[in-house]
Amino acid sequence: MDSVELFTGCGGLALGLSNAGFRSLRMSEWDKHSVANVSHNKKNGLHPVVDWPIHEEDVRSVSWSSYRGVDLVAGGPPCQPFSIGGQHRGHEDKRDMWPEAVRAVREIEPRAFLFENVRGLLRPAFSQYLKWVLLSLSLPQIKPEKNESREDHLARLERRQDKALYRVRLIPVNAADYGAAQKRHRVIILGLHADLNEWPAAPAITHTRERLLWDKWVTGDYWRRHGLRKPKIVPQADRANVDRLLSSSLLPPNSKPWVTVRDAITGLDEPGSRSDLANHILQPGARSYPGHTGSALDEPAKALKAGVHGVPGGENMMSYSAGKVRYFTVREAARLQGLPDKYEFVGSWSENMRQLGNAVPAVLSEAFTRQIASYLSSARRKPRAA
């Protein structure tokens, strides 16, 4: 199946699409540093990056009509307009690219689309704008008229909902529930062409906190897996949940455990200790202070952040039991996002951490795009426009 991707970044979303069997016809990204990383790995022949058709460009300058009828349009429009760190100015922020995502769907008319963004998009202050985004994606054929306000366009869209070209669903997710080693709360917007006669839904959750608690404090399997002795005392933060778990069932939860930081970085050894591993270098200067306390080794990490104030990655630290913290290396952060060890990053630590903070975890992308692929493969292929 074919795809077109906007806002590619360093390739987290793209990796999930490739793993799910999609072949990209075009990947669009304006940030030269992100393009440099993808291009470097293309040059190195890294699969599947070697086949990615990356273009350094502003999506506002691209005509999408030549891709009309592809199977999937995907992308993560810049999240800063809707994040607290990004000043949450919404559609008033010049970085807001939702109108471009809508235009791509309008010009391509794909069989399906997938867009990812921060959960800040759900804040009450953005409710009307979010309604406009969802209805614009449902009815991309109803374009804004010249000099028409967004409010008037929204009113027209609301009156024409019976003519929806796409069935659209917004799904809040935690990437940890799909195997990412991060508690990363995001929203996924899925759309299926009305001709498919399906309503999109989230794929089944595969990983749970309950199973991690079971493996830690009931069987001790988690600690044995890492060659560690099970702690004698259950932490206060886990105790009530473990008691609740045991009172409800004597069988382990039917899922995989959440992936922890320790799980994700196993085998990397200490930063700088391996000459065969790129980007695993210690970055000095990490310190803990209120609001920036790092991620515990035996939990999924806090969400990697791109950073707005100061050095990107100010929260991107691991926290040891004795209270010591250090920054994640670029290689460790890449593992938290699901990028392979052979994916090499060029440029500075702060620039690469910014890209990783913006990336979509590859396992989250793969889970949702496999779900889309299942819808598309079970339906009769829609004839493509000439």
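Answer yes or no as to whether Arg123 is of a type in the set (Lys, Arg), under 18 Å from Asn358 (Cα atoms) and at pLDDT below 95. Taking the combined requirement at face value, the residue does not satisfy it. Reported count of residues in segment 150-176, each being closer than 23 Å to Leu336 by Cα and free of Cβ contacts under 8 Å to residues at least 60 places away in the same chain, is 3. Every test in (1) without any contact (Cβ under 8 Å) to a residue 40 or more places away in the chain; (2) part of a helix (DSSP H, G or I) is passed by Val133 save one, and that test is (1).
Kindly establish whether Val62 is touching a Phe, Trp or Tyr at 6+ places or on another chain (Cβ under 7 Å) and not basic (Lys, Arg). Show your work before the answer.
Details: touching a Phe, Trp or Tyr at 6+ places or on another chain (Cβ under 7 Å): no; not basic (Lys, Arg): yes.
Taking the combined requirement at face value, the residue does not satisfy it.
Give the residue, chosen from Ser39, Ser24, Ser34, that is within 21 Å of Asp96 (Cα to Cα), assigned by TED's automatic domain parsing to the domain that holds Gly76 and polar (S, T, N, Q). Spell out how you get there, then give the answer.
Values: Ser39 fails: within 21 Å of Asp96 (Cα to Cα); Ser24 fails: within 21 Å of Asp96 (Cα to Cα).
After ruling out the rest, the residue left standing is Ser34.
Among the helices (runs of 4 or more DSSP H) confined to segment 211-310, the ones with at least 2 residues that are out of contact with any Cys (no Cβ under 9 Å at 6 or more places or on another chain) and either exposed (fewer than 15 other Cβ atoms within 10 Å of the Cβ) or not assigned by TED's automatic domain parsing to the domain that holds Asp341 (or both) are located at 221-225, 236-248.
Sub-6 Å Cβ pairs linking a first residue in segment 248-263 that is within 15 Å of Thr206 (Cα to Cα) to a second residue that is surrounded by fewer than 18 Cβ atoms within 10 Å (Cβ to Cβ) and of a type in the set (Val, Ile, Thr), at least 6 apart or interchain, are Pro253/Thr208; Ser255/Thr208; Lys256/Thr206, ordered by first then second residue.
Here Gly347 fulfils each of the conditions (1) under 24 Å from Arg186 (Cβ atoms); (2) touching a helix residue (DSSP H, G or I) at 6+ places or on another chain (Cβ under 9 Å) apart from (1).
The values are calculated or read from the model by the stated rules, or taken from the named source; none is laboratory data. All values derive from a computational prediction rather than experimental measurement. Here the Cβ is made from the backbone with ideal geometry for all residues, glycine too, and neighbour counts use every protein chain on show.
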